[in-house]
Amino acid sequence: MATATQTPAERTSARVHVQRFGTFLSNMVMPNIGAFIAWGLITAMFIEVGWLNLGGGDHGWLSPNSWVAHIGGWGNWADGANGGGIVGPMITYLLPILIGYTGGKMMYNDLVRGGVVGAIATFGVIAGTSVPMFMGAMIMGPLAGWSMKHIDGLWAGKIKPGFEMLVDNFSAGIWGGILATFGFFALSDVLTWISDRLGDGVEFLVEHDLLPFASFVIEPAKVLFLNNALNHGVLTPLGLNESAESGKSILFLLEANPAAGIGLLLAYSIFGKGLAKASAPGAAIIHFFGGIHEVYFPFVLMKPKLILAMIAGGFTQILINVIFSSGLRSPAAPGSVFAVYISAPTDLKNLTGVTLSIIGGAAASFFVAAILLKTDKTIEAEDELVSATASMEAMKGKKSVASSLVGGSAATGHAGPINHIVFACDAGMGSSAMGASVLRKKIHGAGFPEVTVVNKAIANLTDEYDLVVTHQDLTARAQLKTRSAIHVSVENFMGSPRYDEIVELVRQHNGAAAPASVGSADGEEPALAGGLLSPEAVVLDAPAESRDAAITRAGELLVAVGAAGPAYVDAMHLRETSVSTAMGNGLAIPHGTNEAKGSVSRTAISFVRYPEGIDWNGKPVKFVIGIAALGNEHLKLLGRIAEIFVDPTQVARLEQATSVADVMAVLGEVQPA
């Protein structure tokens, strides 16, 4: 609760911290929703009161020794000695370990190493208690990933070559074992006690018919984006425990039921004004059938008194579910009407309760919202909903589906200055490095030296960049990693007209540019160390051949100079199947996948010229530069190559080169004497 001495900024800061915590919990749970759905379906079909046994009881027809009982873990298979089925082990072991793995990976820069240590640590908590340990997973997984990251930092760059794998594996195993032991002895009892007390609290509300009053907390929390902390931190873990014991839980319906939201949006569709009224029908469809609840949040934010309608709808739907003792077997995610019915047990009383809760909750919120909207005498500004959407996205910290419904400035993505740009490709090795070099030169040359332009693999992206540039075939993947950034798709990395558009976009966001410096925007032309391009890896007059033959030729040159093993050539072909390495301007840069870096012994490039040109996925290519890279040594050379291939004069020099020395000179290398 805010105290009298707290400033508005302090109260906002506290709210933002809770929002971030909720998002953090959600990011651990949401990637594993598929596993929760699988567990829910298996539970629905195979438990004793499941679909295949016709609900059990007097209707049950299956033998306690049947295969259904075996999978469900009931009848003759009820004890662990006879197998125990897979329903119990999934919720006890699989789901918490997945959450712990995801949390650890998330805290270790999205690297698998953090996930593995997180899973090890989580198992210690699981083994130390008899209840599904989701809270323990949400603590131990991130703790393991975060601590392993900092431990690795202690000896980063200090390990002698050849011992890296030994140190990595043993440090992960030792630290994971320590955390698992800590969880087993120290944390499991504490979390079991907390889980029991929370369960007692929910049980008190249910027994005294007070559970509907939870809507006074849940509904305001939703529009302020505080619901994830409550839902994923408390309701889902407790609901999973209750569902494992009784086959269903009402707790899954407290936040996911779309009743209150659809009632509000229907009221806006009839009694609203201006842009809000026009947008409400589309939002209603997305909310009710798609399960995206965030689309109605701006409608409440623009008229905060409508939170009363949401509370009325939530209170009513929960009350009806309490009366009918209805619930769901597993979380309904997303919270659409389809997900709710798929997760609901099929007995008539339960389905009746769920159905009436949707109808009753929608009717209650519609009635209250209709009165409030009908009696509201304020004159609507056309941009009121747009402003509310922008406010919502500012609180959430990223773009929302709602912005696509209202248009305006809320739909423009990143709204502030553009200071950090990332070029992302599949491997982060070749195409992105060259594209980043070209764009960096343009932006710095336009008078924006403060803007950083870097390159990364898509798998290593984090949502910290203002603008993301990717090949058009990779944009969708990049958007999943960097939702709050502006995304620009390109096809030609070397001479894309989109680069000029990006420069103009930076100018619009950042204001007037500083005077451009004379000469290179990045200072002196980098002096490139020799050795990356060996004379033996240069072919000046290769015969016309297929793309695959050209990849093989470039790869075999790398193998011949001892830069990579034969397996790397196969990885170069595999890389080409994901996204073309044709860069434009007659250049292709085939290289291997990230996973193939184990086949690389040193960083090197090969150069092959095709005087007659070859076809590369429909694009003409005259120059093929193969790349084998261990670290970042090749990036300066790629930058130099990028500058060369956007300069027609330099490309002409390569076309006219008659010796290896000519090629070396153009690329900035000096042939060894």
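Computed quantities for the displayed model
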| read-out | value |
| --- | --- |
| Any chance GLY626 is modelled with pLDDT of 85 or more, of a type outside the set (D, E, K, R), touching a Ser or Thr at 6+ places or on another chain (Cβ under 8 Å) and more than 29 Å from SER489 (Cα to Cα) | no |
| Close pairs from segment 527-542: first farther than 15 Å from ARG602 by Cα and open to solvent by 40 Å² or more (accessible area, probe 1.4 Å), partner of a type in the set (Phe, Trp, Tyr) and modelled with pLDDT of 80 or more, Cβ under 9 Å, at least 6 apart | ASP541/TYR610 |
| Restricting segment 488-517 to residues that are crowded, with 18+ Cβ neighbours inside 10 Å and in a strand (DSSP E or B), the residue that is modelled with the lowest pLDDT | VAL490 |
| Unique residue being of a type in the set (Lys, Arg) and in contact (Cβ under 8 Å) with a residue 40 or more places away in the chain when the list is ARG113, ARG197 | ARG113 |
| Residue in segment 142-160 that is assigned to a helix (DSSP H, G or I) and within 18 Å of PRO237 (Cβ to Cβ) present | yes |
| Evaluation of VAL600 against (1) over 28 Å from ALA652 (Cβ atoms); (2) touching a Leu at 6+ places or on another chain (Cβ under 7 Å); (3) surrounded by fewer than 21 Cβ atoms within 10 Å (Cβ to Cβ) (one fails), failing number | (3) |
| ASP168 modelled with pLDDT under 90, closer than 22 Å to ILE126 by Cα and surrounded by fewer than 17 Cβ atoms within 10 Å (Cβ to Cβ) | no |
| Given (1) outside any helix (DSSP H, G or I); (2) modelled with pLDDT under 80, number of the condition ALA44 does not satisfy | (1) |
| Filter pass, ILE178 being farther than 21 Å from LEU235 by Cα, part of a helix (DSSP H, G or I) and at pLDDT 90 or above | yes |
| Pairs where the first residue, in segment 156-185, is among the small types (Gly, Ala, Ser) and the second is surrounded by 13 or more Cβ atoms within 10 Å (Cβ to Cβ) and not in a helix (DSSP H, G or I), C-beta under 7 Å, 6+ apart | GLY183/GLY128 |
| Any pair with Cβ under 6 angstrom, 6 or more apart, that starts in segment 586-599 at a residue that is closer than 28 Å to GLY613 by Cβ and ends at one that is open to solvent by 40 Å² or more (accessible area, probe 1.4 Å) | GLY586/LYS622; THR593/LEU574 |
| Any pair with Cβ under 7 angstrom, 6 or more apart, that starts in segment 443-464 at a residue that is on the phi > 0 side of the Ramachandran plot and in a helix (DSSP H, G or I) and ends at one that is of a type in the set (A, V, I, L, M) and surrounded by fewer than 15 Cβ atoms within 10 Å (Cβ to Cβ) | none |
| Members of segment 178-188 that are over 12 Å from MET148 (Cβ atoms) and open to solvent by less than 30 Å² (accessible area, probe 1.4 Å) | ALA180, GLY183, LEU187, SER188 |
| Every pair of residues 6+ apart whose Cβ atoms lie under 7 Å, when the first sits in segment 544-560 and is in contact (Cβ under 8 Å) with a residue 24 or more places away in the chain while the second is open to solvent by 30 Å² or more (accessible area, probe 1.4 Å) and of a type in the set (S, T, N, Q) | ARG547/ASN617 |
| Subset of segment 547-597 that is at pLDDT below 90 and polar (S, T, N, Q) - its residue that is least open to solvent (accessible area, probe 1.4 Å) | THR581 |
| Within segment 105-141, tally of residues that are over 18 Å from TRP193 (Cα atoms), of a type in the set (Gly, Ala, Ser) and open to solvent by less than 10 Å² (accessible area, probe 1.4 Å) | 5 |
| From the options LEU154, LEU191, residue that is surrounded by 12 or more Cβ atoms within 10 Å (Cβ to Cβ) and either touching a Gly at 6+ places or on another chain (Cβ under 7 Å) or modelled with pLDDT of 80 or more (or both) | LEU191 |
| Conditions (1) polar (S, T, N, Q); (2) surrounded by 13 or more Cβ atoms within 10 Å (Cβ to Cβ); (3) assigned to a helix (DSSP H, G or I); (4) modelled with pLDDT under 85: number failed by SER520 | (3) |
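The values are calculated or read from the model by the stated rules, or taken from the named source; none is laboratory data. For clarity, every value in this text was computed on a predicted model and none was experimentally measured. In this analysis, Cβ positions are derived from the backbone assuming ideal geometry, glycine residues included, and neighbour counts consider all displayed protein chains. What goes into the accessible areas is simple: the full protein's heavy atoms, side chains included, and nothing from ligands, DNA or RNA. Shrake-Rupley method; radii C 1.70, N 1.55, O 1.52, S 1.80 Å.
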